[in-house]
1. Could you count how many residues in region 54-81 are open to solvent by 50 Å² or more (accessible area, probe 1.4 Å), in contact with a strand residue (DSSP E or B) (Cβ under 8 Å, 6 or more places away or on another chain) and in a loop (DSSP other than H, G, I, E, B)?
2. List every residue pair whose Cβ atoms lie under 8 Å apart, where the two residues are 6 or more positions apart in sequence or sit on different chains, the first residue falls within region 55-79 and is touching a residue at least 40 places away in the same chain (Cβ under 8 Å), and the second residue, located anywhere, is open to solvent by less than 50 Å² (accessible area, probe 1.4 Å) and part of a loop (DSSP other than H, G, I, E, B).
3. Please work out if T90 is closer than 17 Å to A14 by Cβ, buried (at least 16 other Cβ atoms within 10 Å of the Cβ), of a type in the set (S, T, N, Q) and touching a residue at least 12 places away in the same chain (Cβ under 8 Å).
4. From the list G42, G35, G15, G9, exactly one residue is of a type outside the set (F, W, Y), in contact with a Ser or Thr (Cβ under 9 Å, 6 or more places away or on another chain) and open to solvent by 50 Å² or more (accessible area, probe 1.4 Å). Which is it?
5. Sort through S84, S21 and tell me the only one that's among the small types (G, A, S) and either open to solvent by less than 20 Å² (accessible area, probe 1.4 Å) or not in a loop (DSSP other than H, G, I, E, B) (or both).
6. When region 46-64 is examined, which residues are found to be of a type in the set (D, E, K, R) and farther than 18 Å from V113 by Cα?
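The values are calculated or read from the model by the stated rules, or taken from the named source; none is laboratory data. Computed from a prediction, not measured in an experiment: that's the story for all the values here. So basically every Cβ, Gly included, is an ideal-geometry build from the backbone, and we count neighbours across all protein chains shown. Note: accessible area is taken over every heavy atom of the protein model, side chains too, but ligands, DNA and RNA are not part of it. Shrake-Rupley method; radii C 1.70, N 1.55, O 1.52, S 1.80 Å.
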Amino acid sequence: QVQLVESGGGVVQAGGSLRVSCAASRIIFSITAMGWYRQAPGKQRELVASITSGGSTNYADSVKGRFTISRDNAKNTIDLQMNSLKPEDTAVYYCYANNSITRSWGRGTQVTVSS
């Protein structure tokens, strides 16, 4: 299974910016899509953004225009640049990676936006 390690995150005031990154290793089958989910306390995990190996992106409506996902296929990394952060963006952010066999998950990184 692909190993995913997230970095970044932290605490920021509303209106600020943060970047979270995810690095994939132990890759046997080629990774197709990668992306980020988030889960806030008491809520279901929701898709934030995804990107295919070809660079096609998809965003949740709640983050469109504020978040940007990017990918380095050579390094098997993805970044999520988060701007104009809101308190409702507070959550644990989980990186995921799909291949032809399964989906792998990272352990998550906390993002806290204070009002």
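1. Of the residues in that region, 1 qualify.
2. Close Cβ pairs satisfying both conditions: N76/I31.
3. Values: closer than 17 Å to A14 by Cβ: yes; buried (at least 16 other Cβ atoms within 10 Å of the Cβ): yes; of a type in the set (S, T, N, Q): yes; touching a residue at least 12 places away in the same chain (Cβ under 8 Å): yes.
Judged against the criteria, T90 is a match.
4. Values: G42 fails: in contact with a Ser or Thr (Cβ under 9 Å, 6 or more places away or on another chain); G35 fails: open to solvent by 50 Å² or more (accessible area, probe 1.4 Å); G9 fails: open to solvent by 50 Å² or more (accessible area, probe 1.4 Å).
That would be G15, the only listed residue that is of a type outside the set (F, W, Y), in contact with a Ser or Thr (Cβ under 9 Å, 6 or more places away or on another chain) and open to solvent by 50 Å² or more (accessible area, probe 1.4 Å).
5. Values: S84 fails: either open to solvent by less than 20 Å² (accessible area, probe 1.4 Å) or not in a loop (DSSP other than H, G, I, E, B) (or both).
Answer to the check: S21.
6. Listed by number, the list holds a single entry, D61.
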